[in-house]
Amino acid sequence: MRGSSMVVQKSWLPVDLRLPAGPQAALGILAFEAAAAMSKLLSLHRSLSDQEVSRLRSDAMRSAGVAYLNSTDQAFLLKLACAELVVSLDAAAAAVARLGLRCGIDFGGVYTCLKAGAADARLDLLVAKGLRVKAKKMERLVAATAKLCSEMEALDELVAVERKINVRGWSRLSGPIPAQPVVAAAAQAGESPGADSLRQELKTQRLKVRRLKEESLWNQSYEKAVSLMARAACAVFVRICTIFGPFVPSLPPPLPSATTDSVQTRLSKLLHPRSAKAKASSGPITRRDGPSRVHPPMSNSCPIIGLRPSGKKSPTDWRKLLDAPPSTVGGAGLDQQYANVIVSAEELLRMEAEGRQEEAAAERAEMYEMLPAKLRAAVRSKLREWWRDPGPLDAGLAHGWKDAVDRIMAWLGPMARDTVQWQSERNMDRTRRFDGAPRVYALQTLRWANKEKAEAAIVEVLVALSCICWYEERRRGSVRH
């Protein structure tokens with residue numbers, strides 16, 4: 001009895017749930033965090049391509065809506081775009097640094113000195129162009145990891161179905177059943193699905209998950225994944241400095257030239273301190289012309305912020321630069337709401353043009369419900385003012401309203417759609433965390449729009465829409481009679 005009790009007691013000993021550490025340890029469940037950081041680096045890399053930078057300079061920054069509502073100061077707009085890129089890169093670099101701590105790579109210290117422009121610890125911004133982003137390899141790993149995530153969810157659903165069948169039996173099964181091919185077919189036929197068929201589907205799904213683990217970041221070592229992302233982060237920062245350096249003085253200036261091979265060697269030593277010949281005790285960065293410099297300790301939760309080197313000016317608070325002032329739509333917290341109103345107005349115009357009157361009436365009622373009290377009062381006041389002397393309500397007047405709405409919506413509509421996309425891109429949902437496409441900049445949205453000008457434009461659109469709808473209702477009523 002004593003022996004058996006000892007066996008039972010031993011079986012309930014606590015299990016070590018800590019994630020494995022070390023250079024050769026596989027990422028495992030942290031593959032999804034690594035894939036999200038990798039996709040963010042890919043997005044930054046694509047946003048900084050020549051084509052996207054040209055589109056930013058020629059289309060986004062010089063559009064009529066941005067010029068009228070946001071600013072015509074090109075230097076200010078470039079600084080906004082640069083700040084947004086740096087903040088996004090900081091978030092990706094923080095994730096890389098957290099993963100690097102598990103395999104002895106002090107990427108937090110490297111990235112901090114890189115941003116601070118420390119002459120003894122930073123890569124040459126001109127020659128480090130040799131640090132290529134291995135985009136195709138990263139794309140392949142992110143795609144496989146995203147596929148692994150969805151297939152693991154499907155496997156969990158199958159396992160849940162099997163567990164319910166085994167515990168309760170098919171006849172007493174309650175709750176919705178996942179629409180798996182075998183289970184759904186059997187449920188429609190009113191039959192109990194065969195256990196063999198379900199087991200075969202589970203076996204197939206497990207094999208698929210196992211194969212994807214081999215192809216994705218799941219079985220990649222910490223060292224390989226962190227090295228790949230660390231080089232990409234450095235290359236992205238170099239690209240930011242190359243593009244925005246002439247316009248944003250806060251970025252560090254380039255160092256004297258060196259060869260690409262030496263830059264690659266220096267970065268390898270920075271990322272792999274144990275292979276370096278220098279005997280730095282607490283950091284991988286050493287000076288060639290003097291004693292080694294000791295890094296300040298880095299916080300695990302925010303590894304990209306360190307003490308600035310002596311004699312250097314305070315680092316730029318890039319995140320603070322993105323705070324919209326109270327006089328803007330974003331500063332008042334109304335950018336998403338105003339964007340939804342404008343998108344609804346576009347849809348209402350489309351419905352009216354296609355003759356979908358009932359849908360247009362429902363859309364119009366829903367749109368007015370979205371209006372803040374201030375805008376609703378402004379629209380009513382302007383409509384009452386117009387009805388005091390409406391003049392002839394004919395086709396010419398309706399056509400004039402339609403032209404006025406089209407002119408305003410030609411520049412206001414794109415800004416509203418970009419606002420909706422910008423907000424959705426920053427939501428940390430599962431559908432977008434592995435999306436590495438180029439992103440919309442805040443400068444081309446309603447976030448930085450002048451609040452008074454934006455509200456005046458929206459009121460003009462809504463008043464004209466109301467007049468157009470009234471004219472169409474009156475015309476249709478006269479035709480029926």
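Suppose R0 equals 25 Å. What FRET efficiency, 1/(1 + (r/R0)^6) with r the Cβ-Cβ distance, do Glu358 and Arg417 give to the nearest 0.05? Don't jump to the answer; show the numbers that get you there.
Values: r = 25 Å, r/R0 = 1.01.
Efficiency computed from Cβ-Cβ geometry: 0.50.
Express in nm, to one decimal, how much length is gained between Ser250 and Leu322 on full extension, taking 0.36 nm for each residue of separation and deducting their alpha carbon distance. Write out the running numbers ahead of the final one.
Working: separation 72, 0.36 × 72 = 25.92 nm, distance 1.47 nm.
Length gained, Ser250 through Leu322: 24.5 nm.
Can you tally the net charge around Leu228? Count Lys and Arg as +1, Asp and Glu as -1, for every other residue whose Cβ sits under 10 Å from the Cβ of Leu228.
On the way: positive: Lys134, Lys137, Lys224, Arg231; negative: Glu223.
Taking every other residue near Leu228 into account, the sum is +3.
Dipole size in debye (nearest 20) for the stretch 55-105 around its Cα centre, Lys and Arg Cβ +1, Asp and Glu Cβ -1? Mind showing how you got there, number by number?
Numbers: 6 positive and 4 negative charges, 33 e Å.
With Lys and Arg at +1 and Asp and Glu at -1, about 160 debye.
How many nm is it between the label spots at Gln337 and Lys224, if each spot is 7 Å from the Cα in line with the beta carbon?
Distance between label points: 5.1 nm.
Can you give me the distance in nm between label points at Trp470 and Glu347, each placed 7 Å from the Cα along the Cα-to-Cβ direction?
2.5
When we measure straight from the Cα of Lys213, which aspartates and glutamates land under 12 angstrom away, once same-chain ones fewer than 8 places off are left out?
Those aspartates and glutamates meeting the cut-off are Glu151.
Using the structure shown, select from Lys136/Lys320; Lys164/Lys208; Lys40/Lys79; Lys137/Lys208 the pairs with a Cα to Cα distance greater than 26 angstrom.
Numbers: Lys136/Lys320 34 Å; Lys164/Lys208 23 Å; Lys40/Lys79 20 Å; Lys137/Lys208 21 Å.
Lys136/Lys320, as the Cα separations exceed 26 Å there.
Once you have the Cα-Cα distance between Glu157 and Arg211, take 0.36 nm times their residue separation minus that, and quote the gain in nm to one decimal.
Details: separation 54, 0.36 × 54 = 19.44 nm, distance 1.87 nm.
Length gained between Glu157 and Arg211: 17.6 nm.
Tell me, what is the FRET efficiency for Ser49 and Glu369 to the nearest 0.05, using R0 = 51 angstrom and their Cβ-Cβ distance as r?
That gives a FRET efficiency of 0.75.
Would you mind calculating the gained length between Ala25 and Lys203 on full extension (0.36 nm times residue separation, minus the Cα-Cα distance), in nm to one decimal? Walk me through the numbers on the way to the answer.
Numbers: separation 178, 0.36 × 178 = 64.08 nm, distance 2.68 nm.
Extending this stretch completely gives an extra 61.4 nm.
Once you put a point 7 Å from the Cα of Asn427 and another 7 Å from the Cα of Glu33, both along the Cβ direction, what distance in nm separates them?
Roughly 2.5 nm, to one decimal.
Values quoted throughout were computed directly from the atomic coordinates according to the rules given, and no laboratory measurement underlies them. From a predicted model like this one, the values you see are computed outputs, not experimental measurements. A quick note on method: Cβ atoms are made from the backbone with ideal geometry, for glycine too, and the neighbour counts reach across all protein chains shown.
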